[in-house]
Amino acid sequence: MIGQTLGLYHIVEKIGVGGMGEVYCAHDHQLDSHVALKVLPPGTTADETARKLFRKEALALAKLNHPNIETVFEFSTQDEKDFLAMELIPGSSLREGLKQRPRAGGAAFRLGNTIRQRIGCGSQTRPSASRSQIIRTKGG
């Protein structure tokens with residue numbers, strides 16, 4: 001996928017893999033900015049259940065407005081590839097954050113509070129794997 005273009009987005013690098021797809025850093029040529037581009041894995045477009053779940057996730061995320069949830073820019077299909085363009089959040093995955101940060105004191109409290117806020121936002125999507133959850137860096 002690296003080097004390919006989907007819609008307005010030129011794929012620069014792979015930044016993660018989750019249960020619903022692969023996530024790439026992509027450059028939006030129209031707005032001259034970087035976005036996170038989530039793409040269903042190859043061959044998944046034949047699986048209508050996976051495509052419906054992916055669309056449901058996109059619709060649910062698009063309805064939310066919260067500092068701990070990425071903003072959705074576009075949901076589309078090109079060349080039989082479903083993709084979701086959203087805000088690129090600098091930081092590390094929850095899994096990496098749990099490995100690198102101490103679990104005691106203020107850091108653990110802030111991490112728990114972030115998770116609590118995300119869950120309490122009314123999202124109807126299925127729970128995500130820890131590797132696909134991003135922890136914002138300070139000031140991000």
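Tabulated values for the structure
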quantity	calculated
VAL12 versus LEU31: modelled label distance in nm, points set 7 Å from Cα along the beta carbon direction	1.4 nm
Hz values of 3J(HN,Hα) by residue in the range 12-20 - Karplus curve (6.51, -1.76, 1.60), Gly and Pro given as x	9, 7, 7, 10, x, 9, x, x, 9
MET1/LYS63 FRET efficiency (R0 25 Å; Cβ-Cβ; nearest 0.05)	0.35
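No lab work stands behind these numbers, since they all come straight from the coordinates. Keep in mind that this is a model prediction, so the values were computed, not measured. Positions of Cβ are backbone-derived with ideal geometry, glycine not excepted, and every protein chain shown enters the neighbour counts.
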